[in-house]
Amino acid sequence: TISTNVSIGGTLTVSGTYEGNLSDAVTSRWTLGANGFSHYTFTGPGGLSNTDDPKIYLARGQNYEFVNNSGGSHPFQIQQSNGSAYNTGVTNNGASSGTIKFEVPFSAPNTLQYRCTNHGSMGNTIIVFPDLSP
């Protein structure tokens, strides 16, 4: 049993049975910073290293985390194209710091956005796949 952070360099091989709740498994986790008041920076999956406002691709039925370390004045909100918050499957939406969790529902729109609610230029598109268009 490990109750604190673990860092692994190299290959990890696990045998046995996972006894946790699979819905708690996180597919990807990004750490967010800020490039002034103009951009979020993303570090994490997809080869992102302090990348300004990338498009993010999320799969339906998967869990994602956005760790907002942008300095406290940049609330991170997942929202619809009309600018209203998209809260289905989202925990801690609009948080200025800490972790925003998004369990992408199968009913999610094909596109969403992420935005700083204080600075409209900070943000970009979230593409949800597979595309459910008829």
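The values are calculated or read from the model by the stated rules, or taken from the named source; none is laboratory data. These numbers come from a predicted model, not from an experiment. Cβ placement follows ideal geometry from the backbone for every residue including glycine, while neighbour counts extend to all protein chains displayed. Quick note on the areas: whole protein, heavy atoms, side chains included, nothing else; ligands and nucleic acids left out. Shrake-Rupley method; radii C 1.70, N 1.55, O 1.52, S 1.80 Å.
Data table
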item: Residues (in a loop (DSSP other than H, G, I, E, B) and under 15 Å from Met122 (Cβ atoms)) located in segment 32-59; result: Gly36, Phe37, Ser38, Asp53, Pro54, Lys55
item: Given (1) part of a loop (DSSP other than H, G, I, E, B); (2) out of contact with any Lys or Arg (no Cβ under 8 Å at 6 or more places or on another chain), index of the condition Gly83 fails; result: (2)
item: Among the candidates Gly33, Gly46, residue that is in contact (Cβ under 8 Å) with a residue 24 or more places away in the chain and over 19 Å from Val90 (Cα atoms); result: Gly33
item: Evaluation of Gln79 against (1) within 19 Å of Ala25 (Cα to Cα); (2) open to solvent by less than 30 Å² (accessible area, probe 1.4 Å); (3) not small (Gly, Ala, Ser) (one fails), failing number; result: (1)
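Quick grid of which residues meet (1) open to solvent by 80 Å² or more (accessible area, probe 1.4 Å); (2) touching a residue at least 60 places away in the same chain (Cβ under 8 Å):
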{"site": "Ala85", "(1), (2)": "no, no"}
{"site": "Val90", "(1), (2)": "no, no"}
{"site": "Ser97", "(1), (2)": "no, no"}
{"site": "Phe102", "(1), (2)": "no, no"}
{"site": "Phe106", "(1), (2)": "yes, no"}
{"site": "Asn110", "(1), (2)": "no, no"}
{"site": "Ser121", "(1), (2)": "no, yes"}
{"site": "Ile126", "(1), (2)": "no, yes"}
{"site": "Phe129", "(1), (2)": "yes, yes"}
